[in-house]
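Engineer: Here it is: the structure, laid out below.
The values are calculated or read from the model by the stated rules, or taken from the named source; none is laboratory data. Note that the coordinates shown come from a computational prediction; the quantities given were computed from them, not determined experimentally. Here the Cβ positions follow ideal geometry from the backbone for every residue, glycine too, while neighbour counts run over all protein chains shown. Side chains included, ligands, DNA and RNA excluded: accessible areas come from the protein's heavy atoms. Shrake-Rupley method; radii C 1.70, N 1.55, O 1.52, S 1.80 Å.
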Amino acid sequence: MSEMPKRPILVLLASHWLSMLGTALVTLAGFSWLFLLPTNLRGRVENPYIGLLVFVAIPIVFFVGLVLIPIGVFLGKRRIAATIETLPDRRSALRRTGIFFAAMTVANLVIGSQLSYRAVQHMDTPQFCGQSCHVMKPEFMAHELPPHEAVSCAECHIVPGANGWLHAKMAGTNQLFAVIFNNYPRPIESAMEDNKLVSSAETCQNCHERERVVGPRLRIITKYKDDEQNTRTETVLMMLVGGGASGGIHGTHMGAGVHMRYAASDKKRQTIPWVEYRNAATGIARTYLASDAKAEAVSALPTFDMQCVDCHNRAAHAFGQAEHAVDSALASGEIAAGLPFVKKTAVELLKADYKSGEEADKKISAGLGKFYSDKYPEIAKKRGGEIQAAGHAIAGIYAHNVFPDLKVTWGTYPNNLGHVDFPGCFRCHDESHATSDKKTITQDCGTCHNAVAVEETAPDVLKTLGLAAKLDKAKETK
Ligand code: HEC
Ligand code: HEC
Ligand code: HEC
Ligand code: HEC
Ligand code: HEC
């Protein structure tokens, strides 16, 4: 370099290519930040990739630049000293430089703290966790449905506090590498299978009281048969949820002083050969062993404390079964229940093999259209709009539950709340688990619910409760 600049600030910044690069990066990021100030102050954007750019990439560029400047100054210190020697008024030059750096530091602190605050905040949003990372798309989409759509990913997946946050971001970085190198498992393991799920005591129980007493809760399960009329049936269960000292489902497992542990012989925890029940309030302790299990083999298995997610494991990411998902869409009117054989056809279309989501999207709508034009040409003509809407709804069900590229399909993630689709409660409640004095874990049908009606068309109980007409109304108006 033949001609060194004469202004002391430029002397510092231009003394080494690293500090020049640093200055360029800080300026670039600073201007981008100014340009995007409205977005930054709002703290959210719709598009996940813009979110990554605004809240993560710009701050990284900014801080890398800030770090490079002093490194460059340090590396170029000899040249700086030499140049400063040649300046006519060294004292005032140094003062001006000092003021300049003080002002820049204040500005950088403001911009930097705002940038990092937004970055940290952004990294906890469902958008960052679920959308920036396509591997988590199934969980992201399931999370958009009630009841937890307003609860952020972080509230269930990260231990509260700075430590938990750091831990989660480190795990996230590992996952990022797995995605970059394309060596993550497909389907990705469930959080419990992976043994990574934060204890319910630090998540669920921040919002839900462990010992709250819940009265008997009415559950109405609407289903449609495979026949031409898609005959509607209702199952009516009184769930004996209970809680605290009142026993019932919650009280027995989660009451004060109750501590249950179990051993699982598979990672998905679907086979549970050993269960221990302790109650500090009553002093009762019982150990149950499955009839086909050997005590020595069981003692080598990992054990887990029973918590909310042992039953409510799909509280935020419930993937449906094809049949139930179609039932719900029929009940809500998204699929017109008046279309002949629409239940049966929809389930068949949903369970067929497709190579990608796009292929399914096209073939499902087309398949439904073809079914009616082949078998019911009159209906196809008259009710084209309903058929199209139904095709759209069925394709939507597929998009929410099956992800061919991630190998997530019907039943990939078992739901432990129940016993009809998956072993669920019956993993333990199978009358085969017994104490040494032959007390078993009950499967008595009236223990957990009173089944007032099971798949009945127009059950009396709904008339008694004054609900029959209301449910029919819901069907008519849709
Ligand atoms: C209400 C609590 C809750 C919220 C909110 C929540 N999760 Fe989960 N998540 C869980 C539980 C519980 C599991 C464990 C499921 C299991 O092991 O069967 C889980 C599992 C997962 C898994 C592992 C794969 C699987 O399906 O088991 C991923 C990935 C995941 N969640 C991502 C997310 C993302 C992304 C968000 C935000 C968009 C989110 N979660 C919000 C509770 C929650
Ligand atoms: C940040 C607070 C929050 C956290 C954390 C949270 N929940 Fe919830 N949960 C709610 C709210 C609010 C509702 C009620 C939603 C509604 O009524 O629409 C709800 C609803 C539920 C319901 C459904 C109740 C019903 O009437 O069907 C269950 C079950 C449930 N939560 C279990 C869990 C479990 C299990 C976890 C931990 C994995 C958890 N929740 C974590 C806030 C939370
Ligand atoms: C032994 C299994 C089991 C455990 C453990 C369990 N639950 Fe439940 N919970 C159920 C069942 C079953 C229902 C009733 C579901 C239904 O209505 O169909 C229920 C209902 C609920 C509801 C809805 C209550 C209402 O007002 O209607 C909430 C909320 C809930 N559980 C949260 C939790 C939380 C939080 C924990 C942990 C402290 C927990 N559960 C532990 C099985 C369990
Ligand atoms: C990990 C094993 C395990 C799972 C899974 C499990 N339970 Fe239990 N449950 C037990 C044990 C053990 C007892 C008996 C406790 C005792 O010795 O008093 C019990 C007792 C009960 C009782 C009280 C029974 C009585 O005679 O009063 C109810 C109600 C109950 N469970 C409901 C459920 C429901 C509903 C589910 C599924 C959502 C479920 N349990 C899942 C282990 C389990
Ligand atoms: C350990 C507790 C427990 C026992 C014992 C039990 N159930 Fe259930 N049952 C449940 C739970 C939990 C659900 C799911 C409720 C829900 O969907 O929220 C359920 C759901 C059902 C359903 C509705 C399922 C559907 O999707 O249509 C039927 C029918 C049923 N049980 C019948 C029985 C019969 C028959 C027995 C006796 C052999 C029995 N249950 C024993 C806990 C139990």
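Engineer: Would you pick out the residues in the range 315-327 that are assigned to a loop (DSSP other than H, G, I, E, B) and within 16 Å of ligand 3 (Cβ to nearest atom)?
Structural biologist: ALA315, ALA316, HIS317, ALA318, GLY320, GLN321
Engineer: Just checking, does the range 379-389 include any residue being outside the structural domain of VAL326 (by TED's automatic domain parsing), more than 13 Å from ligand 5 (Cβ to nearest atom) and farther than 28 Å from HIS143 by Cα?
Structural biologist: No, that holds for no residue.
Engineer: Among the residues of the range 279-299, is there at least one that is of a type in the set (Lys, Arg) and over 33 Å from the mean Cα position of the chain (by Cα)?
Structural biologist: yes
Results for (1) under 26 Å from ALA336 (Cα atoms); (2) among the aliphatic types (A, V, I, L, M); (3) in contact with a helix residue (DSSP H, G or I) (Cβ under 7 Å, 6 or more places away or on another chain), shown as yes or no for each residue.
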{"position": "GLU378", "(1), (2), (3)": "yes, no, no"}
{"position": "LYS381", "(1), (2), (3)": "yes, no, no"}
{"position": "GLY418", "(1), (2), (3)": "no, no, yes"}
{"position": "GLU431", "(1), (2), (3)": "no, no, no"}
{"position": "GLU456", "(1), (2), (3)": "yes, no, no"}
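Engineer: Here's another thing I want to ask about it. Write out, first by first residue and then by second, each pair whose Cβ atoms fall under 6 Å of each other, whose residues are 6+ apart or on separate chains, and whose first residue, in the range 215-227, is farther than 15 Å from GLY418 by Cβ while the second is open to solvent by 50 Å² or more (accessible area, probe 1.4 Å) and not in a strand (DSSP E or B).
Structural biologist: Matching pairs, first to second residue: PRO216/LEU240; ASP226/LYS344.
Engineer: What is the number of the single condition among (1) more than 9 Å from ligand 4 (Cβ to nearest atom); (2) farther than 25 Å from ALA142 by Cα that LYS407 does not meet?
Structural biologist: All conditions are met except number (2).
Engineer: When you check THR39 against the structure, is it β-branched (Val, Ile, Thr) and farther than 27 Å from SER132 by Cβ, yes or no?
Structural biologist: Criteria not met by THR39.
Engineer: Which ones in the range 296-327 are open to solvent by less than 20 Å² (accessible area, probe 1.4 Å), among the charged types (D, E, K, R) and within 20 Å of ASP266 (Cβ to Cβ)?
Structural biologist: Hit for the range 296-327 is ASP310, nothing else.
Engineer: Restricting attention to the range 116-125, report how many residues are open to solvent by less than 50 Å² (accessible area, probe 1.4 Å) and either within 16 Å of ligand 2 (Cβ to nearest atom) or aliphatic (A, V, I, L, M) (or both).
Structural biologist: Count: 4.
Engineer: A further question follows. Give, as residue ranges, the helices (runs of 4 or more DSSP H) completely inside the range 138-229 that count at least 3 residues that are within 8 Å of ligand 1 (Cβ to nearest atom), more than 30 Å from LYS343 (Cβ to Cβ) and not basic (Lys, Arg).
Structural biologist: Result: 153-157.
Engineer: Find all pairs meeting these conditions: Cβ atoms under 7 angstrom apart; at least six residues apart or on different chains; first residue within the range 439-457 and more than 6 Å from ligand 5 (Cβ to nearest atom); second residue small (Gly, Ala, Ser).
Structural biologist: That search, which allows pairs on different chains as well, returns THR440/ALA434.
Engineer: Considering only residues that are within 21 Å of THR442 (Cα to Cα) and among the acidic types (Asp, Glu), which ones fall in the range 286-302?
Structural biologist: Hit for the range 286-302 is ASP292, nothing else.
Engineer: Would you say ILE50 is among the aliphatic types (A, V, I, L, M), at pLDDT below 80 and within 30 Å of GLN131 (Cβ to Cβ)?
Structural biologist: yes
Engineer: Would you kindly identify the helices (runs of 4 or more DSSP H) lying entirely within the range 328-407 that contain at least 3 residues that are more than 25 Å from the chain's Cα centre (by Cα) and loosely packed, with under 15 Cβ neighbours inside 10 Å?
Structural biologist: Passing ranges, in order: 357-375, 377-382, 384-401.
Engineer: Further, regarding this structure: Might you let me know whether the range 440-454 holds any residue that is within 16 Å of ligand 2 (Cβ to nearest atom), of a type outside the set (A, V, I, L, M, F, W, C) and in a strand (DSSP E or B)?
Structural biologist: Yes: the range 440-454 contains one or more residues that are within 16 Å of ligand 2 (Cβ to nearest atom), of a type outside the set (A, V, I, L, M, F, W, C) and in a strand (DSSP E or B).
Engineer: Return the residue satisfying two criteria in turn: it lies in the range 39-93 and is of a type in the set (Ser, Thr, Tyr) and open to solvent by 70 Å² or more (accessible area, probe 1.4 Å), and of such residues it is nearest to the chain's Cα centre (by Cα).
Structural biologist: Looking at the filtered set, the residue picked out is TYR49.
Engineer: Condition check: under 30 Å from PRO459 (Cβ atoms) and either open to solvent by less than 40 Å² (accessible area, probe 1.4 Å) or at pLDDT below 95 (or both). Does VAL258 satisfy that?
Structural biologist: No; evaluated as a whole, the condition is false for this residue.
Engineer: Looking at ALA191, ALA150, ALA178, which one is of a type in the set (Gly, Ala, Ser), open to solvent by 60 Å² or more (accessible area, probe 1.4 Å) and more than 16 Å from ligand 4 (Cβ to nearest atom)?
Structural biologist: Only one candidate passes the filter, namely ALA150.
Engineer: Criterion first (open to solvent by 40 Å² or more (accessible area, probe 1.4 Å), under 45 Å from the mean Cα position of the chain (by Cα) and on the phi < 0 side of the Ramachandran plot) does PHE128 satisfy it?
Structural biologist: Here the answer is yes, as PHE128 does meet what is asked.
Engineer: Does ALA297 meet the test of being out of contact with any Phe, Trp or Tyr (no Cβ under 8 Å at 6 or more places or on another chain), within 16 Å of ligand 5 (Cβ to nearest atom) and modelled with pLDDT under 95?
Structural biologist: Answer is no for this residue.
Engineer: Next question. Tell me, yes or no, whether the range 428-445 has at least one residue that is open to solvent by 90 Å² or more (accessible area, probe 1.4 Å), within 14 Å of ligand 3 (Cβ to nearest atom) and within 32 Å of the chain's Cα centre (by Cα).
Structural biologist: no
Engineer: Hey, another quick one. So which residues in the range 260-314 are more than 10 Å from ligand 4 (Cβ to nearest atom), hydroxyl-bearing (Ser, Thr, Tyr) and either part of a strand (DSSP E or B) or touching a Ser or Thr at 6+ places or on another chain (Cβ under 8 Å) (or both)?
Structural biologist: SER265, THR271, SER291, THR303
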